[in-house]
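Notes follow the structure.
Taken together, the values in this text are just the output of simple stated rules run on the coordinates, not laboratory data. Keep in mind that this is a model prediction, so the values were computed, not measured. Because the Cβ atoms are built from the backbone with ideal geometry, glycine has one as well, and the counts that use them run over all protein chains shown.
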Amino acid sequence: MSERRAVCPGSFDPVTNGHLDVIQRASRLYDELVVAVLVNDKKKGMFSVDERIELLTEATVGCPNVVIDSFSGLLVDYCRDRGIDTVLKGLRATGDFDYELQMAQMNRELAGVETVFLPTNPEYSFLSSSLVKEVARFGGDMSRFVPTAVHQRMMRGESRHGE
Ligand code: PNS
């Protein structure tokens, strides 16, 4: 039987505990889960792509079938180049749904790539990278929302990449 593989794409600026929950649960459903960080030249972000990859790699050491990578351009082109036909996305709440559905249908139209949605653990349904950054910017405690290494870097001010 061929290997079941999926790609979990995102900005991951930075990776949160909500992302990690989805990645860990999804990794049990596939032989290999590729977590792919979008390289977006138009948006610098708080962490560089290399930092995001480093932090994701560290946070997923306990998941041996998770591979961290980056991509630019269309997700479906990345999927084609890697021979992956499934996109795995976490869904937090109904607010996510409209745009996620549009992207899923577009990716299927463009290249026959299917999208599988995994409901986020309700514990993390309010959590987003943007909110974590905002809380941190104003000195709020976001230690329980992100992996320790992310928290440490944000506290040390090592995450002044672009914001
Ligand atoms: O974490 P994000 O920012 O919500 O992730 C969005 C992402 C990276 C999954 C999405 O923007 C994407 O797939 N971008 C790649 C460009 C692309 O393929 N666009 C067309 C989508 S139909």
Subject >> Principal-axis tilt of helix 49-59 within the chain, Cα atoms, nearest 10 degrees >> reply: 90
Original post:
So, how do all the Cα-to-Cα distances of the chain break down into 5 Å bins, in percent, from 0 on up?
Top reply: 2, 9, 18, 21, 22, 16, 8, 3, 1, 0, 0
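When the chain is fully extended, how far beyond the present Cα-Cα distance does residue 74 get from residue 123, taking 0.36 nm per residue of separation?
Values: separation 49, 0.36 × 49 = 17.64 nm, distance 3.14 nm.
That pair, residue 74 and residue 123, stretches by 14.5 nm at full extension.
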**OP:** Identify the chymotrypsin sites (Phe, Trp or Tyr not before Pro) of region 75-163 meeting these criteria: DSSP loop state and at most 14 other C-beta atoms within 10 Å of the C-beta.
**Re:** 126, 138
Subject >> Cleavage-rule hits (trypsin sites (Lys or Arg not before Pro)) in region 1-56: DSSP loop, at most 15 neighbouring Cβ within 10 angstrom >> reply: 4, 28, 42, 43, 44
Original post:
For region 79-163, taking Cα atoms only, what is the radius of gyration to one decimal and the Dmax to the nearest whole Å?
Top reply: 16.6, 45
Original post:
Which translational diffusion coefficient, to the nearest whole µm²/s, is obtained for region 63-103 from the Stokes-Einstein equation, given a Kirkwood hydrodynamic radius over C-alpha pairs, 25 °C and 0.890 mPa s?
Top reply: 199
Original post:
Does region 1-83 come out rounded, prolate or oblate, given a ≥ b ≥ c as the square roots of the eigenvalues of its C-alpha gyration tensor, rounded meaning a/c under 1.5 and, failing that, prolate meaning a/b above b/c?
Top reply: oblate
Subject >> Selection from 131, 53, 20, by position along the positive dipole direction of the chain (Cβ) >> reply: 131
